Structure formats: C-alpha cells, structure tokens
C-alpha cells in the first residue's frame, strides 16, 4: 500500500473509531447532561488526530497541493457530519454563550474538554507513527517527530490571516441557514478549503485555537505567547468582529433586527 493509501486508512480508522465511540456514548449515557462533554473530547480528538496526519502527509510525505486540498475538503465534510453537536472549537462555545444557548460555566467545561481531546491527539498520534506503517512515518520518527512553525510572515501578518479566515468562516456559518441543509457541510468545507489554499502559506490557515494548540504549538520556531497571539487572539478577534458586523452594525444601519434568524453552531475550524 502506498504512503497516501496508508494515511487514508489511518484517517478512515480514526473517524470510524471516534464515531463508534460517540454512538456508544449516546447509548450508554442517553439523557445525561455530561454526555456532550464526552462527545466534545472524542470529536476534538478526531479533528486534531486527522489534522496531525494530514500535516505530516503534506510536510514529510510531500503530496501534491491539489491532493492535500482535496483531502482537506473531504475530511472537513466528514467532521461536520459526524460531530453530533460538538463544537471542537472554542469560538463555537463563546458564540453560543453570547447567543445564550449555553451558560458560561458550560462553555468553560466544554473548552476544557476540547483541550483534553487536543492534548490526547498530540500525545497518542506519535505512538501510531512509531509503528512505521509508511515511509513518511518512519522519516518523521527518524527526526524525532520534530515540526517547524508554519508562519512565513511576521506575527502581525499571520495573526491577520487567522483573523480574516475566521471572519470568513464565521460569516459562512451565520448565513448557511439560507441554503438547503444537505448543502451545509460541503459549502462550509469549500469555504475552509479555499481559505487553507489562500492563507496556508502565511500562517498555516488553522483558525481554530484548539487545533493550533494540538498541532502547531509543539513546533519549533516561535514561543508559546507568539503562537497564542497568532492562533488564539487572531481567531477570537475575527469571530467577534464578524458577529459585531452582522448582528449589530449592519442591522443598525439597515434598521433591521437579526433576532429570530437561526444560527448554525460552528462545529469545526
């Protein structure tokens, strides 16, 4: 089996195992308030573990850009479909506190669960790579699983890219209800894939604080605070600016209210 085939098999296995776990959780803890916290951990693990594999496939496996973008689109669709109400992104929790869908206490608990899921992926995925299932896994192991910062511009430029990407995704999420539900996942995936293509060469185009914590923060090249500035402050600011624009400024200028407009919960990047 080729290296690409092995990576695809690992991605599929990760998703299937996580989906089986979510189904088991829903059956064992049906009606329990804490079930969503377990789903949050599993879904965030799925997101980060798959991203770890895609990252090493691109950086070590050197796959063609069009293949990488195709995989990004497909796996994003899969994430959106399978997350079962999990946010897997702190921005989703923060937004839902603002909209009074969840309490601040619940949001904090779910964000903690996200960190647990992201850290679990960060710790467990290298053990899978250690099995040497493919040449790029062996190469990555030979160099101690080291990775390097994807930031190729200044910190301000990188933070600006993360802000702009998050703004675009948030805008898509706010207006996706206008489309037939069957188009939600592919449209969101298309937006994310386009942003990865546009901004990936500057910041990596992560626009998800938890995914950045799991995948990018361990990489050499910048300090924790520098990464936090780019990958935490940038996305949170982008989300806040988008909500301010569409929920406050535009309605104020047009004399219309956004009350009653359904909002799709952001589940991933």
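Give me the angle, in degrees from 0 to 90, between the Cα long axis of helix 234-244 and the longest principal axis of the Cα atoms of the chain, rounded to the nearest 10. Between the helix axis and the principal axis of the chain, the angle is about 20 degrees.
A straight chain from residue 98 to residue 138 at 0.36 nm per residue would run longer than the Cα-Cα distance by 9.8 nm. Extension gain, residue 32-residue 9: 0.36 nm per intervening residue step, less the Cα-Cα distance, totals 5.0 nm. Against the main long axis of the alpha-carbon atoms of the chain, helix 104-129 sits at an angle near 20°. Counting other Cβ atoms within 10 Å as a rough exposure proxy, the listed residues 219, 242, 50 run 219, 242, 50 from fewest neighbours to most. Percent of C-alpha pairs per 10 Å bin in segment 3-254, short distances first: 7, 30, 39, 20, 5, 0. A Förster radius of 25 Å, combined with the Cβ-Cβ distance separating residue 115 from residue 248, puts the computed FRET efficiency at roughly 0.25. Rounded to the nearest 0.05, the FRET efficiency derived from the C-beta distance between residue 146 and residue 241 at R0 = 35 Å is 0.50.
On the beta carbon distance between residue 223 and residue 69, with R0 = 30 Å, the FRET formula returns roughly 0.50. What is the distance in Å between the Cα centroid of segment 19-88 and that of segment 202-229? Using only Cα atoms, the two centres lie 19 Å from each other. Approximating the spin labels as points 7 Å out from Cα along Cα→Cβ, the residue 156-to-residue 81 distance works out to 4.4 nm. Normalised by the number of residues in the chain, what is the relative contact order in percent for Cα pairs under 8 Å and 6+ residues apart? Value for the chain: 26 percent. Size descriptors for segment 1-73: radius of gyration and Dmax over Cα atoms are 15.0, 46 Å.
Against the chain, whose longest principal axis comes from its Cα atoms, helix 3-28 is set at around 50 degrees.
None of the figures in this text is laboratory data; all of them are computed from the coordinates on show. Please read these numbers as outputs of a predicted model, since none were measured by experiment. Virtual Cβ from ideal backbone geometry, glycine too; neighbours counted across all protein chains shown.
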